[in-house]
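See below for the structure under consideration.
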Amino acid sequence: MTIDNSYVEKRMNATAFVAVITPRYLRSAWCIKELETFKPTISDGSSNLYPVYRFPIDNRDEIPAHARDMLGYVFYIHEDGIPIELEADSRRFLIVVATLASDIVSRISGK
C-alpha cells in the first residue's frame, strides 16, 4: 500500500489532525499508515493530533505508540460495564465536541 506523496505532504503541514479511532480504524492498514505518518508537533513539544474515541479500544497496543498515551476525546460512557455511544444531541456529547473545538482553536491561535 502506498500513500500519495501530495497527501502525505498535506497531512504533514496540517495544523491539526482529528483521528476518529475505532476498532475498525485500527484494522485498516491505510488508517494506521495515515496515523503513523501524522506525527508533527508544535514547537513546545505537544502534539497537534487529536484522537477521538467513539468506542473503547480493548487492546491499546493496537494504537500507534505516539498516539497511545494521549487521553483523547471520548464519545461513549459505560453503563453497567457496557460501553454506550453518546447520542449526538446529548449534553455530554456537545460538551466533548465543544472541548475538542476549543482545544484546537487554542492550539491554532497559540493561546
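General observations
- The distance between label points at VAL105 and ASP58 comes to 3.9 nm (points 7 Å beyond Cα on the Cα→Cβ vector).
- 5 angstrom amide H check on TYR50, placed H, neighbours 5+ away: PHE17, VAL18, ALA19
- In sequence order, calculated HN-Hα J values of region 95-108 (Karplus, 6.51, -1.76, 1.60; Hz; x Gly/Pro): 5, 5, 4, 5, 5, 4, 4, 4, 5, 5, 4, 4, 5, 5
No lab work stands behind these numbers, since they all come straight from the coordinates. Note that this is a predicted model, so its numbers are computed, not measured. Cβ atoms come from the backbone with ideal geometry, glycine included; neighbour counts cover every protein chain shown.
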